[in-house]
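Asks: Pasting in a structure now, in structure tokens, and then I'll have a few things to ask.
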Amino acid sequence: MKNKILIVTLLACISFVCLSWTTKFQAEQDSNWEVPEAYTTMKNPYANTIDTENVGRALFLKHCKLCHGQYGKGDGIMAENLDIEIADFTKATIQAQTDGSLYYKFLFGRNEMPAFKAKIKNEEDRWLLINYLRKLGE
Ligand code: HEC
């Protein structure tokens, strides 16, 4: 009887280790986030709009800060509870992407990054938010 318990415990431990290894592997595999060409080449219709009412900033603080952090450094209060490390918006890896790519990722999300397509519906608001991500990189 004791032996059986031991074996079951051992098996449970082994499967736990395997499982966490697989999830880690999947997260790493996902590091390349492909964006359809229709989005990478998409023009930002509000690229030159001056956001006098700071709509982009307000939306960022309301919807993104929790995970991405107040200054977009990937250090929001929820970030440490996530399995995936969040990119630093002030760095070139993000700033080198086209507005359309960032727009796509934020609208459709992936893994723990929520999709905002249904939450932020106004086109101008969406792009003003993208413009704000650019500001974080300045
Ligand atoms: C619940 C936490 C959470 C919230 C809220 C959140 N994000 Fe994210 N975001 C993530 C995570 C996690 C990733 C990385 C996902 C991945 O690589 O699979 C990410 C990735 C991104 C990326 C892609 C970065 C890259 O590596 O290319 C963009 C752009 C982005 N988020 C924008 C936003 C914007 C804009 C908002 C607010 C409207 C927002 N996120 C809100 C968790 C969050």
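Here, each number is a calculation from the coordinates, and none is a lab measurement. Note that the structure is a prediction, hence the values are computed from the model and not measured. Counting neighbours? That spans all protein chains shown, and the Cβs are built from the backbone with ideal geometry, glycine included.
Asks: Testing residue 117 on (1) near the ligand (Cβ under 9 Å from one of its atoms); (2) in a loop (DSSP other than H, G, I, E, B), one condition comes back false. Which one is that?
Replies: With respect to (1) near the ligand (Cβ under 9 Å from one of its atoms); (2) in a loop (DSSP other than H, G, I, E, B), residue 117 is out only on (1).
Asks: If I filter region 68-82 for residues that are among the acidic types (Asp, Glu) and surrounded by 18 or more Cβ atoms within 10 Å (Cβ to Cβ), do I get at least one hit?
Replies: No, region 68-82 contains no residue that is among the acidic types (Asp, Glu) and surrounded by 18 or more Cβ atoms within 10 Å (Cβ to Cβ).
Asks: Can you name every one of the helices (runs of 4 or more DSSP H) wholly within region 51-113 that holds 2 or more residues which are more than 14 Å from residue 33 (Cβ to Cβ) and free of Cβ contacts under 8 Å to residues at least 12 places away in the same chain?
Replies: 55-63
Asks: Specify which of the listed residues (80, 53) is under 14 Å from the mean Cα position of the chain (by Cα), farther than 18 Å from residue 138 by Cβ and among the charged types (D, E, K, R). Don't jump to the end; show me each part of the working.
Replies: Numbers: 53 fails: under 14 Å from the mean Cα position of the chain (by Cα).
80 is the lone residue from the list that is under 14 Å from the mean Cα position of the chain (by Cα), farther than 18 Å from residue 138 by Cβ and among the charged types (D, E, K, R).
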